[in-house]
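All remarks here apply to the structure that follows.
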Amino acid sequence: RAKQEGRNTFRLYSTHMDIREHRWLAMETALRNAIDNGEGLSLHYQPLVDRDSQRLCSLEALARWYHPEFGQVSPGDFIPLAERSGLILPLSRYLMQQVAARLRAWLDAGLTPVPVAVNLSAQQFWQQDLIEQIRALYDEYQLPPGLINFELTESMLLDKQQQAVRVLQQLRQLGCRVAMDDFGTGYSSLSYLHQLPITTLKIDRSFIQQLGENQGSETILAAITGMAQGLKLTVVAEGVETEEQLNTLRRYHVNLIQGYLTGRPMPAEQITERYLAVAREPATNNVLS
Ligand code: C2E
Ligand code: MG
Ligand code: MG
Ligand code: MG
């Protein structure tokens with residue numbers, strides 16, 4: 001009887017897996033089609049503003065995918081799906097092209113775009129021809145240097161720090177700024193941070209959202225920002241949602257704010273209307289310039 005139960009349990013489990021597996025496969029096919037014809041894929045841009053002047057300093061490009069059957073799929077779902085199914089390289093290529101085209105459109109409209117940061121996934125970072133691709137993109141769209149920046153995460157560099165330094169140096173030589181994203185989560189190793197030629201630390205949203213809720217998060221904020229200041233890194237606070245959080249951040253070495261408080265991710269047209277097409281004072285203290 002136990003054996004029979006076990007078998008039934010197994011059957012149920014197996015059926016469940018089949019359904020989930022089927023859904024993944026259907027999504028994978030849909031994502032492949034979306035990349036092939038560009039349908040349903042887009043980018044939103046989230047402002048990073050100077051903490052004190054609140055001026056726009058840069059943007060982060062965030063992928064969006066809408067599918068008629070699956071609805072709005074979160075990048076937290078479709079980026080890992082793309083990574084597992086070999087679609088991340090064509091997807092990233094498509095998205096980077098969109099960013100370059102957008103920057104070109106802003107320039108052609110006589111506007112002064114701010115730099116746009118693109119999230120790199122591990123496979124993309126370790127591609128042999130990454131640097132060549134970026135160079136080609138700058139060339140094709142005739143972009144002045146520094147307009148495309150990159151974000152990466154620590155887990156991508158694990159055990160390969162020496163090789164990573166070389167890739168990062170090449171990115172820096174192209175004039176790209178490089179941010180360590182989601183800093184403070186996962187594998188944070190303070191011991192090698194100073195060896196990496198990065199420009200920016202993005203403090204993970206989880207710390208920012210705990211500010212005011214527990215003392216520990218502010219202690220960590222103090223430690224991270226103190227270290228970043230010593231290393232002369234630009235510091236971004238991610239996921240700032242309240243004035244209280246912003247006020248706490250004013251007590252530390254934090255340069256830029258990114259969060260719902262200062263601007264949600266939005267379509268490029270809204271960035272144009274709200275930020276670029278309005279008369280802007282010259283940014284005298286832009287930490288990125
Ligand atoms: P990330 O790079 O850390 O991006 C920041 C995420 O925090 C975004 O989520 C953004 O919408 C969200 N966020 C910003 N401010 C706030 C806030 O005040 N409150 C809250 N609750 N959330 C806030 P999103 O757009 O869902 O993207 C999730 C992740 O997916 C990104 O995290 C990034 O790791 C990945 N991703 C997005 N687009 C791309 C892409 O084009 N390529 C790659 N490789 N990864 C991407
Ligand atoms: Mg990011
Ligand atoms: Mg982040
Ligand atoms: Mg994050």
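Counting only residues that are touching a residue at least 40 places away in the same chain (Cβ under 8 Å) and within 20 Å of residue 199 (Cβ to Cβ), which one in segment 138-161 is nearest to ligand 1 (Cβ to nearest atom)?
Let us first name the residues in segment 138-161 that are touching a residue at least 40 places away in the same chain (Cβ under 8 Å), namely 140-141, 143, 147-149, 151.
With within 20 Å of residue 199 (Cβ to Cβ) added as a condition, the list becomes 143, 147-149, 151.
Working: 143: 18, 147: 16, 148: 12, 149: 12, 151: 6 Å.
This residue is 151.
Could you name every one of the helices (runs of 4 or more DSSP H) located completely within segment 175-277 that has at least 3 residues being open to solvent by 30 Å² or more (accessible area, probe 1.4 Å), away from ligand 4 (no atom under 16 Å from the Cβ) and among the aliphatic types (A, V, I, L, M)?
Details: elements: 190-193, 205-210, 215-230, 243-249, 268-271.
Those helices (runs of 4 or more DSSP H) span 215-230.
Pairs needed: first member in segment 259-275, over 12 Å from residue 106 (Cα atoms); second member anywhere, polar (S, T, N, Q); C-beta distance under 7 Å; at least 6 residues apart or different chains.
As it stands, the answer is 261/242; 262/54; 263/46; 264/46; 265/46, since those pairs meet every condition given.
Of (1) of a type in the set (A, V, I, L, M); (2) farther than 27 Å from residue 37 by Cβ; (3) modelled with pLDDT of 95 or more, residue 157 satisfies all except one. Which?
Failing condition for residue 157: (3).
Tell me yes or no: at least one residue of segment 150-163 is touching a Gly at 6+ places or on another chain (Cβ under 9 Å) and of a type in the set (Val, Ile, Thr).
yes
Take the residues of segment 167-215 that are small (Gly, Ala, Ser) and within 11 Å of ligand 3 (Cβ to nearest atom): which is nearest to residue 238 (Cα to Cα)? Steps first, please.
Residues of segment 167-215 small (Gly, Ala, Ser): 175, 179, 184, 186, 188-189, 191, 206, 212.
If we keep only those that are within 11 Å of ligand 3 (Cβ to nearest atom) as well, we get 179, 184, 206.
On the way: 179: 12, 184: 12, 206: 9 Å.
Filtering first and then ranking leaves 206.
Within segment 64-94, how many residues are under 21 Å from residue 181 (Cα atoms), crowded, with 21+ Cβ neighbours inside 10 Å and touching a strand residue (DSSP E or B) at 6+ places or on another chain (Cβ under 6 Å)?
1
So, in segment 129-154, of the ones that are modelled with pLDDT of 95 or more and among the polar types (S, T, N, Q), which residue ends up surrounded by the fewest Cβ atoms within 10 Å (Cβ to Cβ)?
Checking each candidate, the answer is 142.
The values are calculated or read from the model by the stated rules, or taken from the named source; none is laboratory data. These numbers were taken from a predicted model, which means no experiment stands behind them. We place every Cβ from the backbone using ideal geometry, glycine too, and count neighbours over all the protein chains shown. Accessible surface is based on the protein model in full, side chains and every heavy atom, while ligands, DNA and RNA are left aside. Shrake-Rupley method; radii C 1.70, N 1.55, O 1.52, S 1.80 Å.
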